[in-house]
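Participant: Below: one structure in structure tokens.
The values are calculated or read from the model by the stated rules, or taken from the named source; none is laboratory data. Model, not experiment: these values are computed from the prediction. Glycine gets a Cβ as well: all are built from the backbone with ideal geometry, and neighbour counts include every protein chain shown. Ligands, DNA and RNA are excluded from the accessible area calculation, which covers all protein heavy atoms including side chains. Shrake-Rupley method; radii C 1.70, N 1.55, O 1.52, S 1.80 Å.
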Amino acid sequence: MHNEIIEIDALAEMPASTSGAILICTLGGVGGIGMNWTLYGTEGGFILVDAGTTFAPRTVAGVAAVMPDPRILTTLGDRLKGLVVTHFHEDHVGAIHRLWPGYAKCPIFAPPFAARMLTGRFQEAGTQGQISLKTFDPGSSFRVGPFRIKTIPVAHSTPDCVALSIETKQTRVLHTGDWKIDAKPGVGSVTDLKALAELGVKGVDVMLCDSTNADREVPQTTEAAVRRAMESVFRRTKGMVFVSSFGSNVARMASVAHAAKATRRKVALAGRSLRSAADAAQALGLTKDVPAFLEDAAKFKGTDRRARVLMCTGTQGEDNAALAKLAADHGPGGDARLPRVLPGDVVVHSARIIPGNEDYIRPILDRLKELGAEVLTADSLVGGDPLHVTGHPCREDLRTIYAAVQPRFALPIHGSPSHLAAHAQLAESLGIPSLEPVPGGVYEVHNHQLSFIGRLAADLVAVMEDGEGSIVPWDGAAESPVLDAAARSRFEAHTEHQRDRTARRTSRTSRNDLQTSGRRGAKRDVGQGRSERAGSPREKMGRSRNSAVASTAKVERNDKPGAQRRQREPVTVAEAHVKETRAGRSSGLARKASIALDSKFIQQFGGYREMGI
């Protein structure tokens, strides 16, 4: 069965009865960023390592996520002995709560942070009591079906990350997961190079290794440098500081908290994923030495702007995330519960922009500049220190791990075709034979040799935002879901329901804003009347106070001198992007479009969840 198309049904009969051989199937995570699924099989059964999702283009309405066809899981049935999770990022775990226990009932093995976050998702879904979720400590060993699993702690941009040594009596495969080399990661473990070298001495037949930065020849970086850069920014900024970060990057939260304490600032969190990650890390004792966060921006009350830092989500331009709402400035798509961005403030975009998201995040950052803020990005250096460091290995890191492990073969994973090719070229230059995997590729490791068998005929599916999380076929060529009449009707009904809810919410918000504006106006009138009746010192103080209010109001309205403000229909960034693409124009329209991200579009298109890059 070499170089053949392998039907999913045939998977249950594999691998052949070759004693000690390991079958590897790269179901996802190759040929693109996201959707990491790697299946390992031997005579006694299979295990799946990670089950993540990727994302539909934002021009496609109503798709929450894209992932491999879950028929793979049902076909294997009880031959699937377990799911082993390397860490908690959407591209590694996003499918789990959607597929367990409906499509798979095998146990899930996860490190503490990932286990706690997954537990929250199962609780929300009402399936916690139907799931067998087993927690393991990084560095521990255990058995799953026919495999012995040894876990190795690695550094990444979220806590409790592991590499996996997957072993039979005759064969050993190393699956690195996401990792980097960082001597001072802030929160979590360093990459255990000693343990990796010990595996190398025993003999590693194949290493499946992270390729995300395989094309980047840059020096090794550390989270400690980010902490120094943040402290410098906080110290010199006269206004408020806003820091956008991936929601699960607990080390970045710790860096911001330490920098804020050193500069006498308080930190609040804006974004559900940030708060969930902070709570989980605190409960596990991962942040016991980290200064406490304020629960939300409302707790800033009574604090001078110069003593505030707001951490927020939305690094990839997600319409319904906090950063986009800040850019909306309390207008349509904004959130009156968040502070306004004013001149003198600084916005630190502390994340790498995932390729393809540039047209979504840049208009938001441009709008924040228009509001008067200084915007610093991942490319900015402060005193030679970066405001963001990657969670993935660059070429120097890859050289280090290959020197430690010395695998017989390299099978690059976790990357686009260009990443995989760069990784394969690097491995070859180090004298290690390499194969570039393909989506659905099936490989056999036997007698210390790696061979390509064939390709699994497995399609992709889309998870719909229709109130039920329906799973429908995904047309990869057209980049759209394939909806039958029932699915289309269900989606349209849900969309109409969400539109009505949004209209009611918008109406309530408008009434509340008018009432708040009226109360503020009444207070100003009363203050002015009292000043007129007062003596000269009070009169002077009243004029000063009213002048300050008027000045602030002018800044917040962003009025143009001498021009009457016009009412405009809100235009979403993505809508503008779609229009300009159809017209064949450059991205200028998106940059100039109002950042008023209307709620109807947010509900229809769904959030673009984060991957920790």
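Participant: What does the extension gain come out to for Asp475 and Arg337, with contour length at 0.36 nm per residue minus their alpha carbon separation? Kindly include the intermediate steps, with their values, before the conclusion.
Facilitator: Working: separation 138, 0.36 × 138 = 49.68 nm, distance 4.02 nm.
Difference between extended and current length: 45.7 nm.
Participant: Kindly rank 133-144, 342-353 from highest to lowest mean number of other beta carbons found within 10 Å of each residue.
Facilitator: 342-353, 133-144
Participant: Next up: Suppose we keep just the alpha-carbon trace of region 103-165; what are its Rg and Dmax in angstrom?
Facilitator: According to the Cα coordinates of region 103-165, Rg and Dmax are 12.6, 33 Å.
Participant: Taking a ≥ b ≥ c as the square roots of the eigenvalues of the Cα gyration tensor of region 17-75, is the shape rounded (a/c under 1.5), prolate (a/b larger than b/c) or oblate?
Facilitator: prolate
Participant: With a/c under 1.5 counting as rounded, go ahead and sort region 271-330 into rounded, prolate or oblate using the C-alpha gyration tensor (a ≥ b ≥ c being the square roots of the eigenvalues; past the cut-off, prolate if a/b is larger than b/c, else oblate).
Facilitator: oblate
Participant: Hey, another quick one. Under a Cβ-Cβ cut-off of 13 Å, what is the net charge of the residues other than Pro439 that fall near it, where Lys and Arg count +1 and Asp and Glu count -1?
Facilitator: Once all neighbours under 13 Å are counted, the net charge is -2.
Participant: Below 12 angstrom from the Cβ of Ser132, what's the summed charge of the other residues (Lys, Arg +1; Asp, Glu -1)?
Facilitator: Around Ser132, the surrounding residues sum to +3.
Participant: For a Förster distance of 30 Å, can you work out the FRET efficiency between the beta-carbons of Thr59 and Asp296, rounded to the nearest 0.05? Mind dumping the intermediate values first?
Facilitator: On the way: r = 32 Å, r/R0 = 1.08.
Taking R0 as 30 Å, the efficiency between Thr59 and Asp296 is 0.40.
Participant: So how much accessible area does Arg499 have, in Å² to the nearest 10, using a 1.4 Å probe?
Facilitator: 80 Å²
Participant: Between Arg236 and Lys202, what is the spin-label point distance in nm, taking each point 7 Å from the Cα along the Cα→C-beta axis?
Facilitator: 5.0 nm
Participant: Where does the charge balance sit around Pro112 when Lys and Arg score +1, Asp and Glu -1, over other residues with C-beta under 13 Å from its C-beta?
Facilitator: Every neighbour counted, the sum reads 0.
Participant: Could you tell me what percent of the accessible area of region 67-189 is made up of carbon and sulfur, with a 1.4 Å probe and every protein chain present? Could the numbers behind the result be given before it?
Facilitator: On the way: 1850 of 4050 Å².
It is 46 percent, rounded to a whole number.
Participant: Now for a different question. Full-extension gain between Gln425 and Arg143, please, as 0.36 nm times their residue separation minus the C-alpha to C-alpha distance. Write out the running numbers ahead of the final one.
Facilitator: Values: separation 282, 0.36 × 282 = 101.52 nm, distance 3.43 nm.
Answer, rounded to one decimal: 98.1 nm.
Participant: Give the average over all directions of the projected area of the C-alpha convex hull of region 154-254, one decimal, in nm².
Facilitator: 8.0 nm²
Participant: Here's something else I'd like to know. Ignoring ligands and nucleic acids, what accessible area does Leu23 show with a 1.4 Å probe (Å², nearest 10)?
Facilitator: Roll a 1.4 Å probe over it and Leu23 shows about 10 Å².
Participant: Classify region 111-217 as rounded, prolate or oblate, taking a ≥ b ≥ c as the square roots of the eigenvalues of its Cα gyration tensor: rounded when a/c is under 1.5, otherwise prolate if a/b is larger than b/c and oblate if not.
Facilitator: Working: a/c = 2.08, a/b = 1.29, b/c = 1.62.
Here region 111-217 falls in the oblate category.
Participant: Moving to a separate point now. Would you mind calculating the gained length between Glu7 and Ala493 on full extension (0.36 nm times residue separation, minus the Cα-Cα distance), in nm to one decimal?
Facilitator: 171.4 nm
Participant: Within region 211-327, how many lysine pairs that are 8 or more places apart, or on different chains, have C-alpha atoms less than 19 Å apart?
Facilitator: Count of close lysine pairs: 10.
Participant: Per-residue accessible area for Lys202 at 1.4 Å probe radius, Å² rounded to 10?
Facilitator: Counting only protein heavy atoms, Lys202 exposes about 130 Å² to solvent.
Participant: Quick check for you: with a 1.4 Å probe and neighbouring chains kept, what is the accessible area per residue of region 269-353, in Å²?
Facilitator: That works out to 40 Å² for each residue.
Participant: Convex hull volume of the Cα atoms in region 250-392, per residue, in Å³? Let's see the in-between values first.
Facilitator: Values: hull volume 17.7 nm³, N = 143.
About 124 Å³ per residue, rounded to a whole number.
Participant: Given a Förster distance of 41 angstrom, what is the FRET efficiency for Arg272 paired with Arg395, based on the Cβ-Cβ distance and rounded to 0.05?
Facilitator: About 0.70, to the nearest 0.05.
Participant: Consider just the alpha-carbon atoms of region 130-172 and return their Rg together with their Dmax, both in angstrom.
Facilitator: 11.9, 35
Participant: Calculate the dipole size of region 122-221 relative to its Cα centre from +1 charges on Lys and Arg beta carbons and -1 charges on Asp and Glu beta carbons; express the result in debye to the nearest 20. Numbers along the way, then the final one.
Facilitator: Numbers: 11 positive and 12 negative charges, 90 e Å.
That gives a dipole near 440 debye.
Participant: Percent of Cα-Cα pairs more than 23 Å apart in region 349-500, please.
Facilitator: I get 65 percent for the Cα pairs in region 349-500 exceeding 23 Å.
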